[in-house]
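A.B. asks: Supplied in structure tokens, the structure appears directly below.
The values are calculated or read from the model by the stated rules, or taken from the named source; none is laboratory data. For clarity, every value in this text was computed on a predicted model and none was experimentally measured. Virtual Cβ from ideal backbone geometry, glycine too; neighbours counted across all protein chains shown. SASA here: full protein model, heavy atoms, side chains in, ligands and nucleic acids out. Shrake-Rupley method; radii C 1.70, N 1.55, O 1.52, S 1.80 Å.
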Number of protein chains: 2
Amino acid sequence: MRNTVGWQVEGPSPALRRTPLERRDLRPDDLAVRVDYCGVCHTDLHAVGSWDDAGGRRLVPGHEFTGVVTDTGPAVTRFAVGAPVAVGNIVDSCGECAMCRAGQENFCHAFPTLTYDGTDRHDGLATLGGYSREYVVRDRFAHPLPAGLDPAAAAPLLCAGVTVWEPLHALGVGPGTRVAVAGLGGLGHLAVKIAVALGAHTSVVSRSPDKADDARRLGAHGLIVSTDPEQMADARDRFDVVIDTISVPHDLGPYLRLVAMDGTLSHLGHLGPVTVETLDLLIGRKKLSSAGSGGMPAMAAMLDFCAEHGITADIELLPSARVNEALDRLRRGDVRYRFVLDMSDLD
Amino acid sequence: MRNTVGWQVEGPSPALRRTPLERRDLRPDDLAVRVDYCGVCHTDLHAVGSWDDAGGRRLVPGHEFTGVVTDTGPAVTRFAVGAPVAVGNIVDSCGECAMCRAGQENFCHAFPTLTYDGTDRHDGLATLGGYSREYVVRDRFAHPLPAGLDPAAAAPLLCAGVTVWEPLHALGVGPGTRVAVAGLGGLGHLAVKIAVALGAHTSVVSRSPDKADDARRLGAHGLIVSTDPEQMADARDRFDVVIDTISVPHDLGPYLRLVAMDGTLSHLGHLGPVTVETLDLLIGRKKLSSAGSGGMPAMAAMLDFCAEHGITADIELLPSARVNEALDRLRRGDVRYRFVLDMSDLD
């Protein structure tokens, strides 16, 4: 085994502690990656908050990170030592089902191996995430980090970025499409940047009128204040695509009513059950969809697009020793727009 | 006022009674229609079952009927006395909003006037439905009944038919599309006929294995028994479009899992809230939609298509005096596949 160190939830406290970790010895198609930067995703917050270490399981969060290849197995051809690399929220899949064959490994029928809190499909061990100094990953699930993308600010593209890229791309967003992005957080601010770069007429929907300047700075054409009934009524039926990134359960009705005839609300901000009134779909023949993560081809296409358009996340970079502060502030919504942990303090 | 007779819910009992009714005198753009045949829709059952006559309101159900024009207002040019005619579930709309201008009067922003239990937008009176011998309707909301369609069996096209036509058409169903129809009732059997005529590879999903012969007779390529986990697992991710016509609240999860990547579940069978697991949408990037009724252009297109392909409903024709028996049997699901009332016994 390879020795490294990371931030692990320990015992009943949600506080993460610096802990020695082991990584597997390289299989023929594995890379060892020195993790330089790891984004702090809402999923990490949920995982830490609901963690139960029954059965001696361990939790090391982190599933959007960038770094440098430090070692390769003998079958690896796509990466050489020293190459900049990026990893998202899945690190393996069956490779044989229809979804894997279609390049949608995120929808693998046998369920993809998650970057953390998953179970490796070969050795059966729990996967430990990117809040650590080294990660060992199968080459097919690592991505070359395109030149020109700042590796710290690019880390959130690997989860937040592809999660908004997938629906924007699948729904054919392009010049002339009217897009509304509800919620201006980690997902939302990247949705705005990508939608604008795709040529869409893009608006932000937010409870906070004070996000108007930020919305404009990100390239949006306007802000709709969701608590203002008049503004919401004016915006009714106006958007071909509504990207709902609000990270807490909420009534989808007001957002479905913004969708134009035959348009789609893509509900991305949280998992779990959602309830909609059939009439909110029926009237205007609207659609509800969701998305999360992406397949390997989508990851590659998203990274290329972001490199071409100079898109990265707006981040607050913290030494990884401040991970608990980052999680606390994320819980309170106090971040514009994504925390990224600098792992060099683990050396 | 014009005098006619119909079947009305009276007092606290759900039983309908034969009652004299008045219709308005013809406005310039009105038709008087002798109602010959009126279908019995699930909506009628809900309306009768939940009826509360507070405020002296009256309920005469019926919103899919055919008949013959008996009189016309002076501004009517599309219909002459003696013309066969068909009316669906809406009889007026604002005519000015974006939806009305787009020919989607069923989505009128000011809400369309319902054929029964609505409020006429000119005289403010409650609308009374097609379980009666005469109806007075604005010409724009009546449809010429195409030659060759049996007027009794065509009546259900005006609600059930257009409700399944709309999503099949909007979702681009055609040769090669894989369609599953869940629930083989009034809506479902018409969905099968129309999907087959559109060229789709069409399957039925039903709890009842004994519907296999009917499914084949309607043109379906097969039956999937929804209570057989193996059959449902085999059918996973196999359908571009699932038309869910099940008329009672049910878990959409098993039906969403039949939808192929980027496909759509159209939930038609009942109104009210529906709850879905986000993961059932997320995995495979699936969409949930709904539909109900149609705009006037869709009604006309659906009637032309049905005439061209010889599609009508499979009906059980009863004298209107047996309306209570029809409602009782519909409540128990004892109909293949739509009751139609013959109104000639009201003379």
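A.B. asks: Rule-of-thumb check for the stretch A:1-62: C-alpha Rg over 2.2 N^0.38 Å?
C.D. replies: Values: Rg = 13.1 Å, N = 62, 2.2 N^0.38 = 10.6 Å.
Output field value: 1.24.
A.B. asks: I've got another one for you. In a GNM of chain B with a 10 Å cut-off on Cα contacts, which of B:67, B:130, B:56 has the highest mean-square fluctuation?
C.D. replies: Fluctuation is largest for B:56.
A.B. asks: Using Cα-Cα distances under 8 Å and only pairs 6 or more residues apart, what relative contact order does the stretch B:161-289 have, in percent?
C.D. replies: 21
A.B. asks: Additional query: Collect residues whose amide H, placed 1.01 Å from N in the peptide plane, falls under 5 Å from the amide H of residue A:5; neighbours closer than 5 in sequence don't count.
C.D. replies: A:21, A:133, A:134
A.B. asks: Across peptide B:266-274, how many C-beta atoms of other chains are within 10 Å of each residue C-beta, on average?
C.D. replies: Partner Cβ neighbours, averaged per residue: 4.
A.B. asks: Of all accessible surface on the protein assembly as shown at a 1.4 Å probe, what whole percent is carbon and sulfur? Walk me through the numbers before you get to the answer.
C.D. replies: On the way: 13310 of 26020 Å².
It is 51 percent, rounded to a whole number.
A.B. asks: In debye, nearest 20: dipole of the stretch A:161-289 around its Cα centre with unit charges on the Cβ of K, R (+) and D, E (-)? Walk me through the numbers on the way to the answer.
C.D. replies: Values: 12 positive and 14 negative charges, 53 e Å.
That gives the stretch A:161-289 a dipole magnitude of about 260 debye.
A.B. asks: Rounded, prolate or oblate for the stretch A:52-156? Axes are the square roots of the Cα gyration tensor eigenvalues, ordered a ≥ b ≥ c, and the cut-off for rounded is a/c under 1.5.
C.D. replies: Working: a/c = 1.64, a/b = 1.20, b/c = 1.36.
In terms of gyration-tensor shape, oblate.
A.B. asks: If you put +1 on each Lys and Arg Cβ and -1 on each Asp and Glu Cβ, how big is the dipole of chain A around its Cα centre, in Debye rounded to 20? Write down the numbers at each step before the final one.
C.D. replies: Details: 33 positive and 44 negative charges, 48 e Å.
Magnitude of the dipole: close to 240 debye.
A.B. asks: Across all directions of projection, what mean area in square nanometres is found for the Cα convex hull of chain A?
C.D. replies: Average of the hull's projected areas for chain A equals 17.0 nm².
A.B. asks: If you don't mind, there's one more thing I want to ask. What is the magnitude of the charge dipole of the stretch B:57-166 about its Cα centre, with +1 placed on the Cβ of each Lys and Arg, -1 on the Cβ of each Asp and Glu, and no other charges, expressed in debye to the nearest 20?
C.D. replies: Numbers: 8 positive and 12 negative charges, 16 e Å.
That gives a dipole near 80 debye.
A.B. asks: With solvent modelled as a 1.4 Å probe, how much accessible area in total do chains B and A shield from it at their shared surface, in Å² to the nearest 100?
C.D. replies: So the buried area, both faces added, is about 3100 Å².
A.B. asks: For residue A:15, go 7 angstrom from Cα along the Cα-to-Cβ vector, then report the distances to that same point in the other copies in nm, smallest first.
C.D. replies: 7.6
A.B. asks: If you don't mind, another one. Suppose we compare each residue of the stretch B:284-332 in its chain alone and in the full protein complex with a 1.4 Å probe; which ones drop by at least 50 Å² of accessible area?
C.D. replies: Those are B:285, B:287, B:288, B:290, which lose 50 Å² or more relative to the chain on its own.
A.B. asks: Something else about it: What whole-number distance in Å separates the alpha-carbon centres of the stretch A:24-51 and the stretch A:284-347?
C.D. replies: 13
A.B. asks: HN-Hα J couplings of the stretch B:43-51 from phi, Karplus 6.51/-1.76/1.60, θ = phi - 60°, integer Hz, Gly and Pro as x?
C.D. replies: Karplus values, whole Hz, x for Gly and Pro: 4, 4, 4, 4, 5, 5, x, 9, 5.
A.B. asks: For chain A, modelled as a Gaussian network with Cα springs under 10 Å, which listed residue fluctuates most, A:170, A:126, A:110?
C.D. replies: For chain A, modelled as a Gaussian network with Cα springs under 10 Å, the answer is A:170.
A.B. asks: Identify, among B:172, B:259, B:206, the residue whose Cα sits farthest towards the positive end of the charge dipole of the stretch B:161-289, taking +1 on the Cβ of Lys and Arg and -1 on the Cβ of Asp and Glu, with the dipole about the Cα centre.
C.D. replies: The residue sitting farthest along the positive end of the dipole is B:172.
A.B. asks: Please give me the summed charge of the neighbours of residue B:268: other residues whose Cβ is under 12 Å from its Cβ, Lys and Arg +1, Asp and Glu -1.
C.D. replies: Result for the local shell: -1.
A.B. asks: Which of the three applies to the stretch B:194-250, rounded, prolate or oblate, going by the alpha-carbon gyration tensor with a ≥ b ≥ c and a/c under 1.5 meaning rounded?
C.D. replies: Verdict is rounded for the stretch B:194-250.
A.B. asks: How high is the FRET efficiency from residue A:78 to residue A:46, r the C-beta distance, R0 45 Å, rounded to 0.05?
C.D. replies: On the way: r = 32 Å, r/R0 = 0.72.
The formula returns an efficiency of 0.90 here.
A.B. asks: Let me ask something else. How far is residue A:172 from the same spot in each other copy, in nm, shortest first, if each label point sits 7 Å from Cα toward Cβ?
C.D. replies: Here the equivalent label points are 0.5 nm apart from this one.
A.B. asks: Turning to a different aspect of this structure: Just the number please: accessible area per residue for chain A, 1.4 Å probe, all protein chains included, in Å².
C.D. replies: Accessible area per residue: 38 Å².
A.B. asks: Suppose you put the label 7 Å out from Cα in the Cβ direction; list, shortest first and in nm with one decimal, how far residue A:102 is from each other copy's label.
C.D. replies: 2.7
A.B. asks: Select from the stretch B:237-264 all residues whose loss of accessible area on going from the chain by itself to the full protein assembly reaches 10 Å² or more (probe 1.4 Å).
C.D. replies: The answer is B:237, B:261 - residues whose exposure falls by at least 10 Å² when every protein chain is included.
A.B. asks: Something else: For the stretch B:330-341, what does the Karplus curve 6.51 cos²θ - 1.76 cosθ + 1.60, with θ = phi - 60°, yield as ³J(HN,Hα) per residue in whole Hz, taken in order and with x for Gly and Pro?
C.D. replies: 5, 4, 8, x, 9, 7, 10, 10, 8, 7, 10, 8
A.B. asks: Karplus couplings for the stretch A:197-205 from phi (6.51 cos²θ - 1.76 cosθ + 1.60, θ = phi - 60°), rounded to Hz, Gly and Pro as x?
C.D. replies: 5, 6, x, 6, 7, 10, 10, 9, 10
A.B. asks: Determine which lysines satisfy two conditions relative to residue A:286: a Cα distance under 26 Å, and not lying fewer than 8 residues away in the same chain.
C.D. replies: Cross-link targets: A:193, B:193, B:286, B:287.
A.B. asks: What residues have an amide H closer than 5 Å to that of residue A:242, excluding those fewer than 5 places away on the same chain, when H is modeled at 1.01 Å from N in the peptide plane?
C.D. replies: A:180, A:264, A:265, A:266
A.B. asks: Sort B:177, B:227, B:115 by heavy-atom solvent-accessible area, probe 1.4 angstrom, most to least.
C.D. replies: Ranking B:177, B:227, B:115 by accessible area, largest first, yields B:227, B:177, B:115.
A.B. asks: Under the classification rounded if a/c is under 1.5, otherwise prolate if a/b is larger than b/c and oblate if not, where does the stretch A:211-303 fall, given a ≥ b ≥ c as square roots of the Cα gyration tensor eigenvalues?
C.D. replies: Judged from the Cα gyration tensor, the stretch A:211-303 comes out oblate (a/c at least 1.5, b/c at or above a/b).
A.B. asks: Given the rule -39500 (n - 2.57) for each run of at least 4 DSSP H residues, summed and divided by the residues of the protein assembly as shown, what is its mean residue ellipticity at 222 nm, to the nearest 500 deg cm²/dmol?
C.D. replies: Theoretical 222 nm ellipticity from helices: -6000 deg cm²/dmol.
A.B. asks: Just read off the accessible area of residue B:308 with the full protein assembly in place, 1.4 Å probe, to the nearest 10 Å².
C.D. replies: The accessible area of residue B:308 comes to roughly 140 Å².
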